[in-house]
Amino acid sequence: MANKEISIIIIILLVFVFAYFTLPFVLIGLDNASKPNPPEPEITYGEFPFKLVYEISGEQKVIEDTVICEYDGIGIGSGSKYRKWKSRLASENKEVVLMKVNNSKYIYYIYGYPDEYMGDLQFYEPFEASFPNANIYGEGGSRMNRLISADELLSEYGIKLISWEPSSPIVNSFK
């Protein structure tokens, strides 16, 4: 009989611990699900050509591509619902890479965010392009990235960003 009682107590304790740690998330999820969806965009697709001119060790290079942006439905996070957007480059490149330093480290330029291109500034101010700075990925053997200043770009990698010509964001409305 004692073993059965101990088993029941252990099961009750496990249920209590499970409920204690999961109940807040369940309640937050139910609260978010009950909130109304944000209005959907009138314009759900856009293409935005850009041109980036830069030098590496005195040799001028040009990257021209197109950012393709699409509405991706409704997301839930941080206690609210929001419009989701996705973007890709027409070239099928993952990023605008300026230089591969080695197999795991490269320098790239952030071309902007789909929300902004599509005229949806629901949570933040317009993106300020990092020009004439860039980003570096994989420094110190990590998967981290960081902003790299124009001075550091030039002194350490011989890269100088000359011009950045993005397309203007659209004016969108939401129904």
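Structure values in brief
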quantity	calculated
Cα coordinate range in region 38-126, projected on the principal axes (Å, largest first)	49, 26, 24
Viscosity 1.567 mPa s, 4 °C: Kirkwood-radius Stokes-Einstein D of the chain over Cα pairs, µm²/s	65 µm²/s
Burial ordering of Arg88, Arg146, fewest other beta-carbon atoms within 10 Å first	Arg146, Arg88
Cα gyration tensor shape for region 129-175, rounded if a/c is under 1.5, else prolate or oblate	oblate
Sorted by Cβ neighbour density within 10 Å, fewest at the top, the residues Ile74, Ile136	Ile74, Ile136
Helix 2-34 vs. the chain, principal-axis angle (Cα, 0 to 90°, nearest 10)	40 degrees
Gain upon complete extension [Ser34, Leu89; 0.36 nm per residue less C-alpha separation]	16.2 nm
Distance between modelled label sites at Ile76 and Lys100, nm, 7 Å Cα→Cβ extension	4.2 nm
Inter-part distance where region 150-175 and region 46-66 are each reduced to a Cα centre, Å	9 Å
Cross-link pairs beyond the 27 Å C-alpha cut-off, checked among Lys51/Lys175; Lys105/Lys160; Lys51/Lys94; Lys35/Lys86; Lys35/Lys84; Lys51/Lys86	Lys51/Lys175
Stretch gain in nm, segment Leu121-Ala2, where the contour uses 0.36 nm per residue and the Cα spacing is subtracted	36.5 nm
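Rule-based calculations on the coordinates, nothing more; no lab input. Since the structure is predicted, the reported quantities are computational estimates derived from the model, not experimental observations. So basically every Cβ, Gly included, is an ideal-geometry build from the backbone, and we count neighbours across all protein chains shown.
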